[in-house]
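One structure is given below, encoded as structure tokens.
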Amino acid sequence: MAFKQSVQKFTGKINEVEIGTGEKAIKLGGENVMPFYSFDGSMGQRPKVGMEILDVYPEAWCDSLKGIYKDVANDSVAWAKFVEEKFHPDFICLKFEGSDPNGLNKSVDECATLAKQVAQSVALPLVIAGSNNHEKDGQLFEKVAQALEGSNVLLLAAVEENYKTVGAAGGLAYKHKVGAESSVDINLAKQLNILLTQLGVKAEDMVMNVGCAAVGYGFEYVTSTMDRIRLAAFGQNDKTLQMPIMAPVSFETWSVKESIASEEEMADWGCQEERGIAMEVSTAASMLTGGADAVILRHPKSVETVNTFIKEIVG
């Protein structure tokens, strides 16, 4: 008897969310099947790969990464152009590390001016990330949203402490996309999505950051959470969970010991740069196969490898 493959059909579908403007604009989501299950239905938009840059010199980055960007790392505008022209990511994530009140404490006006300069210098879509100080990030996103009106950026991300400010400015007043950040919990993710939609932000203007971890660092919790979110979105047609997922992989993988321990400290671990790339690639691949629609990476070799991974599966 000939083999007949069974097909699992779902009633739910992930929203399509567009970021950026013009020819370089990208769409996330659109799938109605589990990750890469093209034999069951539509995979929607091809998963996207973005690259991280900072608003300050990346002092804490490993020497090999600083070497790659040595000629542009002191100028975020030049850095953005360099990344766009040399590595061709789908989007650029500008992370405002310098806005941290416990660090340089750059003013939100200064950050907004820089964001506008970067947006005007590149054609790629922009994702704006803060310093993870929720109070300062709320002020930052509000000011950046105003400065970048018309650029259709993604503000990554609104949390429970500042979602009203970020949602009102980003999603309502200035018509950007809003990222909803929760901490590896389906109920928290759902709750924040509901709060943002009750505020008036359209579900079609939202992306989720459901939490991320480097592989080996509690990643099983991330996996189970993403599985539950996607199964609820597809199988239960839960519209409060039908937003694309963006995973800031680089934020996690370049801060674990496997990536930051020098070769002098851990000689038997091998090349530090290769370790960092391996952590970033393995985490990105795991997030994509878990349901992420986009990942943010730091090393050009990671970007190249993950794009090859996507191409080999998607075609």
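The values are calculated or read from the model by the stated rules, or taken from the named source; none is laboratory data. These figures come from a predicted structure and were not determined experimentally. Please note: Cβ atoms are built from the backbone with ideal geometry, for glycine as well, and neighbour counts cover all protein chains shown.
The table below lists the values:
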item	result
Wholly enclosed strands (runs of 3 or more DSSP E) of the stretch 133-244 bearing at least 1 residues among the basic types (K, R) and out of contact with any His (no Cβ under 7 Å at 6 or more places or on another chain)	177-181
Any hit, the stretch 178-201, residues being buried (at least 23 other Cβ atoms within 10 Å of the Cβ) and either closer than 20 Å to V77 by Cβ or touching a Pro at 6+ places or on another chain (Cβ under 7 Å) (or both)	no
Residue ID - surrounded by the most Cβ atoms within 10 Å (Cβ to Cβ), chosen from residues in the stretch 5-24 that are closer than 30 Å to C111 by Cα and in contact with a strand residue (DSSP E or B) (Cβ under 9 Å, 6 or more places away or on another chain)	I19
E263 being free of Cβ contacts under 8 Å to residues at least 60 places away in the same chain, among the acidic types (D, E) and at negative phi	yes
Of the criteria (1) hydroxyl-bearing (S, T, Y); (2) under 25 Å from V306 (Cα atoms); (3) in a helix (DSSP H, G or I), which one S255 fails	(3)
Among (1) modelled with pLDDT under 95; (2) over 17 Å from P47 (Cα atoms), the one test that V314 misses	(2)
Residue within the stretch 194-214 that is among the hydroxyl-bearing types (S, T, Y) and more than 24 Å from S255 (Cβ to Cβ) present	yes
Selection count, the stretch 269-303, where residues are free of Cβ contacts under 8 Å to residues at least 60 places away in the same chain and of a type in the set (D, E)	2
Of the criteria (1) more than 24 Å from L28 (Cβ to Cβ); (2) buried (at least 24 other Cβ atoms within 10 Å of the Cβ); (3) not β-branched (V, I, T), which one A157 fails	(1)
Residue ID - nearest to G150 (Cα to Cα), chosen from residues in the stretch 1-24 that are among the acidic types (D, E) and in a strand (DSSP E or B)	E18
Any hit, the stretch 17-25, residues being at pLDDT below 95 and of a type outside the set (S, T, Y)	no
